[in-house]
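To keep things clear, I will list the structure first and then write my remarks on it.
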Amino acid sequence: MSLAQELLEKASQRLDIPGDIAAGLPRLTLTGFTECSLDGSCAILEYEKTEIMASVSGGTVTVRGSGLELRLMRRDHLTITGRIEEIRLTGGDD
């Protein structure tokens, strides 16, 4: 583990926040079956009405469903609406 990772881990423990958030990894919030928000640096890789794939720090997030659309898109925040049926996280290997 690098010195920077050790410092982030110690700081997150003292501040009582998840280490992944302190390390700058993405945060995913699902609201019901119709809205998904992603906080953290991200970029759209694929955009279809049935699948939206975003590149995030350490991997990708794939949202599948029907009638999907980007409600809000900024470099550090993404909101997807529609009928959400599946969310797949890939990557994140240390």
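The values are calculated or read from the model by the stated rules, or taken from the named source; none is laboratory data. Quick caveat, the model's predicted, so the values are computed rather than measured. All Cβ positions, glycine included, derive from the backbone under ideal geometry; neighbour counts span all protein chains shown. Please note that ligands, DNA and RNA were not included when accessible areas were found on the heavy atoms of the full protein model with its side chains. Shrake-Rupley method; radii C 1.70, N 1.55, O 1.52, S 1.80 Å.
For TYR47 and GLN13, the difference between the fully extended length at 0.36 nm per residue and the C-alpha to C-alpha distance is 8.5 nm. Averaged over its residues, the stretch 30-93 has an accessible area of 59 Å² per residue, based on protein heavy atoms and a 1.4 Å probe. Estimated from the Cβ-Cβ distance and a Förster radius of 25 angstrom, the FRET efficiency linking SER55 and GLU6 is about 0.40. Run the quick spin-label model on ARG71 and LEU30: label points 7 Å from Cα toward the beta carbon, then report their separation in nm to one decimal. My value for the distance between the label points is 1.6 nm.
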